[in-house]
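So the structure is just underneath, and the comments pick up after that.
The values are calculated or read from the model by the stated rules, or taken from the named source; none is laboratory data. For clarity, every value in this text was computed on a predicted model and none was experimentally measured. All Cβ positions, even for glycine, are placed from backbone atoms using ideal geometry, and neighbour counts span all protein chains on display.
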Amino acid sequence: MLKLLIFDLDGTLTDTAQDIADAINYALKPFGPKIYSVEETKAMVGSGISKLLESLLPNKDDISKEAVTNRFLEYYANHLLDNTKVYLHVKETLSKLSGYKKAVVSNKREFFSKTILDRLGISEFFDIIFGSDSVPEKKPSPVPILKLLEIFNVTRNEALIIGDSNYDIESGRAAGIKTVAVTYGFRSREVLKDADFIIDSFDELLNVLPKINEYL
């Protein structure tokens, strides 16, 4: 029987793409003319912002990677919720999952993750919120998930991760837990094909959970 539900943040609970794109473009503006669209941003994010910004720098050896990251962090901290919103059906679905322990594991820094969830009024649904700096490794490493299993004293068969990215699926599989992919977020269905279950709307989770419990 499932006891712990682990949720990704960006692209799963909240649509943060526009604000992330704006912050990336602000951070890179002094170093090159390229402007990244929201769709381009969706395809790139997920593994952590420092690594992403470094990959986008036109002349990596001539620019301080720390300076670019700091530009992003400074801007993003002041524009976290300019356009960010909770996805359809998230609040009402979470309210129906009171029988489970619930956690968030994001590759966004913990402060940003907690601030977004709090200001959007859904942090109350979660027992713990992990960001990229909460544990020594981030997704696709299984470390954040394994830490949660330890904290909540649950087995691999009693946990499930729900996310929109291949990083979520890879992290879940590496930790030995079941995986559910959502298709409305930042990645295509093709990228998510290795998930145990795929859903097109967040409220479909209410139908998937009983099916998973049948197998356990």
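Tabulated results
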read-out	value
In the range 172-216, the residues that are out of contact with any strand residue (DSSP E or B) (no Cβ under 7 Å at 6 or more places or on another chain), among the small types (Gly, Ala, Ser) and at negative phi	ALA174, ALA175, GLY185, SER188, SER201
Lone qualifier among GLU74, GLU92 - being modelled with pLDDT of 95 or more, assigned by TED's automatic domain parsing to the domain that holds LYS29, of a type outside the set (Lys, Arg) and out of contact with any Gly (no Cβ under 6 Å at 6 or more places or on another chain)	GLU74
Contacts under 8 angstrom Cβ, first residue in the range 197-216 being of a type outside the set (Val, Ile, Thr), partner in a helix (DSSP H, G or I) and loosely packed, with under 13 Cβ neighbours inside 10 Å, 6 or more apart	PHE197/LYS211; ASP203/GLU92
Among residues of the range 28-42, those that are of a type in the set (A, V, I, L, M), surrounded by 14 or more Cβ atoms within 10 Å (Cβ to Cβ) and at pLDDT below 95, counted	1
Filter pass, SER165 being among the hydroxyl-bearing types (Ser, Thr, Tyr), modelled with pLDDT of 95 or more, under 14 Å from the mean Cα position of the chain (by Cα) and within 21 Å of VAL182 (Cα to Cα)	yes
PRO144 being free of Cβ contacts under 8 Å to residues at least 60 places away in the same chain, of a type outside the set (Lys, Arg) and over 18 Å from VAL105 (Cα atoms)	no
Residue in the range 103-113 that is β-branched (Val, Ile, Thr) and out of contact with any strand residue (DSSP E or B) (no Cβ under 9 Å at 6 or more places or on another chain) present	no
Some residue of the range 43-66 being farther than 23 Å from SER165 by Cα and modelled with pLDDT of 95 or more	no
Residue among SER95, SER50, SER64 that is more than 24 Å from LEU206 (Cα to Cα), loosely packed, with under 13 Cβ neighbours inside 10 Å and free of Cβ contacts under 8 Å to residues at least 60 places away in the same chain	SER64
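The rows are residues; the columns are (1) more than 14 Å from the chain's Cα centre (by Cα); (2) within 22 Å of LYS85 (Cα to Cα); (3) modelled with pLDDT under 95.
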{"position": "THR155", "(1), (2), (3)": "yes, no, no"}
{"position": "ILE161", "(1), (2), (3)": "no, yes, no"}
{"position": "SER171", "(1), (2), (3)": "no, no, no"}
{"position": "PHE186", "(1), (2), (3)": "no, yes, no"}
{"position": "ILE199", "(1), (2), (3)": "yes, yes, no"}
{"position": "LEU205", "(1), (2), (3)": "yes, yes, no"}
{"position": "LEU209", "(1), (2), (3)": "yes, no, no"}
{"position": "GLU214", "(1), (2), (3)": "yes, no, yes"}
